[in-house]
Amino acid sequence: MASGKEKNGIEEIYEKYYKDVYRLVLALSKNPHIAEDITQETFVKAIKAVDRFKGDCDIKVWLCQIAKNTYFTYAGKQNREQVDGDAVNNRSESQAALMGDAEYDLISETVDKEQAIKIHRILHDLPEPYKEVFTLRVFGELRFGQIADIFGKTESWARVTYHRARMMIMDKM
């Protein structure tokens with residue numbers, strides 16, 4: 001059981017970062033109910049794993065990473081349960097609306113499962129922060145300003161990092 005001091009620290013972290021984590025998950029899920037559930041689950045996981053937090057990054061970044069991973073796990077389960085391809089088609093159309101032609105061309109290739117696996121393998125091997133920035137931009141559909149905020153960097157940094165990640169992936173394709 002947490003002591004009074006630990007409990008106050010946990011509550012303080014929750015109050016300070018809840019909105020940031022919720023906004024990230026809402027941007028990923030586009031669903032306030034899912035965002036609420038994933039945000040709650042994020043803080044539960046964070047409390048259970050707080051002893052593993054090394055402090056080598058900002059706690060907000062750590063919480064957002066937990067939230068992102070929790071959401072992607074949830075989304076993966078949902079995708080496996082869904083047999084029809086309507087979600088993929090709808091996502092491709094929304095990606096085209098949000099991104100430029102070059103970016104959309106890369107994403108549209110992922111409709112083909114073989115290409116999707118290849119891109120994910122390449123993405124898996126990318127070094128940080130390229131992997132994270134690319135994932136947040138493409139799969140999380142976050143704006144560069146939001147990505148910059150998560151990392152505590154400038155919007156220009158987010159744009160350059162994303163561009164470099166995209167070039168790395170395209171080179172390996």
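Some observations on this one:
- The gain in end-to-end length when the K172 to A49 segment is fully stretched comes to 40.7 nm, 0.36 nm per residue minus the alpha carbon separation.
- Residue-span extension gain [K19 to Q78] - 0.36 nm each, minus C-alpha spacing: 18.8 nm
- Rounded to the nearest Hz, the phi-derived 3J(HN,Hα) couplings of region 152-168 under the Karplus curve 6.51 cos²θ - 1.76 cosθ + 1.60 (θ = phi - 60°) are x, 10, 8, 5, 4, 4, 4, 5, 5, 5, 4, 4, 5, 4, 4, 5, 4, where x marks glycine and proline.
- Listed cross-link partners K54/K131; K16/K172; K45/K153; K19/K48; K19/K172 are compared with a 29 Å cut-off, the Cα-Cα value being larger for K16/K172; K19/K172.
Taken together, the values in this text are just the output of simple stated rules run on the coordinates, not laboratory data. These numbers were taken from a predicted model, which means no experiment stands behind them.
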